[in-house]
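Presented below is the structure to which this report refers.
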Amino acid sequence: MSTIERTGKEADWGSMYRDLGVEPVVNAIGNVSVLGGSTASPAVRAAMESASDSFAPMLAVAENASRAVAEMLGVEAAWITSGAGSAISLAAAACIARDDVGAVAKIPDTTGMPNEILIQKRQRYSYDRCLELAGGVLVEVTGGRVPEEGEYKPALGPAHKADADSVPGTTAESLAAAIGENTAAIHYVADERARDDTILGFDEILKVAHEHDIPLIVDAAGQVFPTDNLSKYARAGADFVCYGAKYIGAPHSTGFVVGKKVWVDRLKLHSFVAFESLGMRSWGRPHKVDRQEMVGVVAAVREWVTANHEERFAEYDQRIGVLQDRLGSLRGVTTTAVRSTVGGSSYGLILELDSDVAGVTLQELVDRLKEGSPSIWTRVVGGTMLLAVNCLAPCEDAIVGDRIASVLAGSPGQA
């Protein structure tokens, strides 16, 4: 056990999970779905609790809550969804069916419809599966150069193969040439951490989409800061921009899409409220969002765009300092603070190990931390461990630091 003990209310930490036979964990990874994504802020919890006291027509709630989000962000339209993945799937369905009510009822069977969604091959990633769920057929576009040695950036997800650094990039000309009569949309991943110069940027891909009158779907799931990121892609002309509300203190199971009103209105036809309230045979019926969650998203957006984020980062910096204090003197260990403010999971401490000196490998350290009590979840990416601090509860920074120090202190390298 850590030398840091939980007291008071914290002593009940994880009791509800233990009642179910599940051991709670300390989350040093960040806003990841595998651990539940987020913890709603106190303001969001209060709003959701208040919304639980009464019922309301869900069509009106969805429309008015989504309108409130759009007004706060200064965009044409918005729609609250059951996560960023849901937003991507619903957007794909809208691009394929458009205004054809008969086509809406056939989704995800897109036989005979323009159903191809263009994606840069170097941007293939796990979540492009969401486009296929709506019946989209992914068309990989290359035509560019292969990145030079040292230029390639880490893959976005498991959809990349081990030899991804040899995959050609994409040019505006090759993207335009790939557009045909079956093209329904173009997809773009707005994550600069995984974009090298062989991949078209947002402005370039938007220009091609506009010139050929093809809707553009942007996955900006975690691009929530600076707060202007919540509107800049839509204001620039993207038709759909998809966000995960878990990154701004809303429930893990929520998200929203912003963009052009004509396209968001088409997306609405595929939603669960269209199925229930508009008499549509909507494919998105399982993409349900409850009334409390919709109110929670509105509260989260309001809180996020008015918050003092410097105070938030200052708290994160204190947690980084606690970790550095406990790990800085260990042999074979190098720590580097990383303060990426765009994706919350990229704010924390990078830990590098010289396994010959430290006596353990990074993967062994991950396993030992997970096996302990409490279980601490971390992960290794690109040969380093990122200890994300944004999802740590009070005192957990010390628990993580002490446990790592304890594991390494017991290894031969520290003797």
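The values are calculated or read from the model by the stated rules, or taken from the named source; none is laboratory data. The structure displayed is predicted, hence computed values, not measured ones. Backbone-built Cβ (ideal geometry, glycine too); neighbour counts: all protein chains shown.
Determine, yes or no, whether VAL69 is in the same structural domain as GLY135 (by TED's automatic domain parsing) and either assigned to a helix (DSSP H, G or I) or in contact with a Pro (Cβ under 8 Å, 6 or more places away or on another chain) (or both). Judged against the criteria, VAL69 is a match. Among the residues making up segment 86-122, those that are farther than 24 Å from VAL258 by Cα and part of a loop (DSSP other than H, G, I, E, B) are ASP109, THR110, THR111, GLY112, MET113. The set of residues in segment 345-372 being crowded, with 17+ Cβ neighbours inside 10 Å and assigned to a strand (DSSP E or B) consists of TYR347, GLY348, LEU349, LEU351, LEU353. Select, from LEU387, LEU392, LEU330, the only residue that is within 19 Å of the chain's Cα centre (by Cα) and part of a loop (DSSP other than H, G, I, E, B). Exactly one residue qualifies, and that residue is LEU392. Scanning segment 171-190 for residues that are free of Cβ contacts under 8 Å to residues at least 60 places away in the same chain and either acidic (Asp, Glu) or closer than 29 Å to GLY83 by Cα (or both) yields GLU173, LEU175, ALA190. When segment 187-207 is filtered for residues that are in a helix (DSSP H, G or I) and within 17 Å of ARG235 (Cα to Cα), the ones remaining, listed by number, are PHE202, ASP203, GLU204, ILE205, LEU206, LYS207. One residue alone among VAL338, VAL342 is aliphatic (A, V, I, L, M), within 13 Å of GLY30 (Cβ to Cβ) and either part of a loop (DSSP other than H, G, I, E, B) or touching a residue at least 60 places away in the same chain (Cβ under 8 Å) (or both), and that residue is VAL342. Screening segment 83-111 for residues that are buried (at least 24 other Cβ atoms within 10 Å of the Cβ) and touching a Ser or Thr at 6+ places or on another chain (Cβ under 7 Å) and picking the one that is nearest to GLN292 (Cα to Cα) gives GLY83. Checking each residue in segment 263-310 for being touching a His at 6+ places or on another chain (Cβ under 9 Å), polar (S, T, N, Q) and farther than 20 Å from ALA68 by Cα picks out only SER282.
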